[in-house]
1. Using a 1.4 Å probe on the protein heavy atoms only, what accessible surface does Ser325 show? Give it in Å² to the nearest 10.
2. Using the Karplus equation 6.51 cos²θ - 1.76 cosθ + 1.60 (θ = phi - 60°), what ³J(HN,Hα) coupling, rounded to whole Hz, does each residue of segment 153-161 give in order, writing x for Gly and Pro?
3. Report ³J(HN,Hα) in whole Hz for each residue of segment 238-247, in order, from the Karplus equation J = 6.51 cos²θ - 1.76 cosθ + 1.60 where θ = phi - 60°; Gly and Pro get x.
4. Length gain on complete extension for the stretch Gln300 to Arg79, per 0.36 nm per residue less the alpha carbon to alpha carbon distance?
5. Name the residues of segment 374-415 whose amide N is less than 19 Å from a point 7 angstrom out from the Cα of Arg441 along the C-beta direction?
6. Quick one: pull the percentage of alpha-carbon pairs in segment 99-153 with a separation above 16 Å.
7. Show that you can apply the helix-only estimate: for the chain, add -39,500 (n - 2.57) for every DSSP H stretch of four or more residues, divide by all residues, and state [θ] at 222 nm to the nearest 500.
8. Which lysines have a Cα less than 30 Å from the Cα of Lys429, not counting those fewer than 8 places away in the same chain?
Amino acid sequence: MSLNIASDTPLGRVARAPENFLSRQDVAFVNRAGADDRRAFFKKAFAAAAAATLAGARPMQAIAAEGDPAILNLPEHTRGLGLPVAARPYGMPSQFEQNLQRRESPGLTRVSAASVSFCPLQGLFGIITPSGLHFERHHQGWWDIDPSQHRLMINGLVKTPMVFTVDELMRMESVSRIHFIECGANSGMEWANVAVPTVQYTHGMLSCSEFTGVPLIKVLEYCGVDLKKGRYILAEGADGSSMTRTIPMELVESGEVLLAYGQNGEMLRPENGYPLRLVVPGVQGVSWVKYLRRIEVGDQPWATKDEAIHYVDLMPDGTHRQYTSIQECKSVITTPSGGQRLLNPGFYNITGLAWSGRGKIKAVDVSVDGGKTWATAQLQTPVLDKSLTRFSLPWVWKGQDVILQSRAMDSTGYVQPSYRTLRAKRGDKSIYHNNAIQSWRVDAGGEVHNVHVG
């Protein structure tokens, strides 16, 4: 672990590191110390934190081994024979993890088949979202389609229009890449004011997976695509809404756009587009058309219903901004976050996620005083292009009222804006593409709340 706290943050704002962050020297000592020394260091740190808090409060601490019956008395699972191999042919989460699940927001849409289930970001580790917890957005429900009956048509400005089976696509040379997918309406309920309490609902239309498939450009070249005239593609889904989206050919030519059939080492889940979906890295999720059945090559955008009247940005002057598909640089602290509670003062690891549709995350700053001062967080590896990046920062909470924030910068130099900055450009009546800094207030009792800070 490394920690870089500088007087001049990489995001260009001069700020002194708050005293309740661990110092550079402290972290350097922990990195090089042996196990016994590390235990002694944290014991000392927790004792110091306790002394700085209100009387009677105490930081996190381990129970002495001789006083814990859970370690002294051997449980049944240590004394008996467990379940047989392959008792469950497909592995499932522990019964004690059943509360970690994607959830629908009641009343968000008229019918559940055209709604969203939000990913529980607060309970995930690393950057990969388990397939069973991947957020869902459906416009007319999901289907479990027989792959032997599914077809993909390529037509339009190509020399030879063709129809492919899933098996034929899977015989082609494939690639696997890790990318985030975010709905354009993620955080949309927060534009004007605080609307929902937890990070699952503020930012949960976000997931990250390893996708496997065939670069679309390879299939188009096989069909003899006319790249001089054909500067756009139309992707069409096979669900009841016939989702159709325009995608610029330059994104396809980059080789990043995939005809994907695999996710996290297995076939796509039905809720995520089985047996075939489009993967368009960095672009809002609605363009990642599920149940993909047709790709048409054309010479201009199609202005379909979901890009002419939906997924557009309402600007302050009343005009609509179209084709703003790239998901801009964004971050959020997932722990501590809204709905959680810090049980007592002491050491905590602030952690969260950052991402950008324009490239890699270059830096993330964290503030515990509502943006007055900032400290540089550690970026955990891997740091990948158009992927989630996990960040973390050691922190000692002293039992006071604080406001936690994170602010990301991507490889283009773009810095995540405050709500004040974003609303100055976009107003407060929009829905889509909200990438403002998220604030969490920790009150003196340890309860964490969603708040807006300008």
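The values are calculated or read from the model by the stated rules, or taken from the named source; none is laboratory data. What you see is a predicted model, and the numbers here were worked out from it, not measured in a lab. For neighbour counting, all protein chains shown are included, and Cβ atoms are generated from backbone atoms with ideal geometry for every residue, glycine included. These accessible areas exclude ligands, DNA and RNA; they are computed on the full protein's heavy atoms, side chains included. Shrake-Rupley method; radii C 1.70, N 1.55, O 1.52, S 1.80 Å.
1. Spelled out: Ser325, probe radius 1.4 Å, area about 20 Å².
2. 9, 10, 9, x, 7, 10, 5, 10, x
3. Karplus values, whole Hz, x for Gly and Pro: 9, 7, x, 7, 6, 3, 10, 9, 8, 10.
4. Net length gain for the segment: 72.6 nm.
5. 398-406
6. 56
7. The helix contribution divided over the chain gives -4000 deg cm²/dmol.
8. Of all the lysines, those that pass the test against Lys429 - Cα under 30 Å, at least 8 places apart if same chain - are Lys290, Lys305, Lys330, Lys360, Lys372, Lys386.
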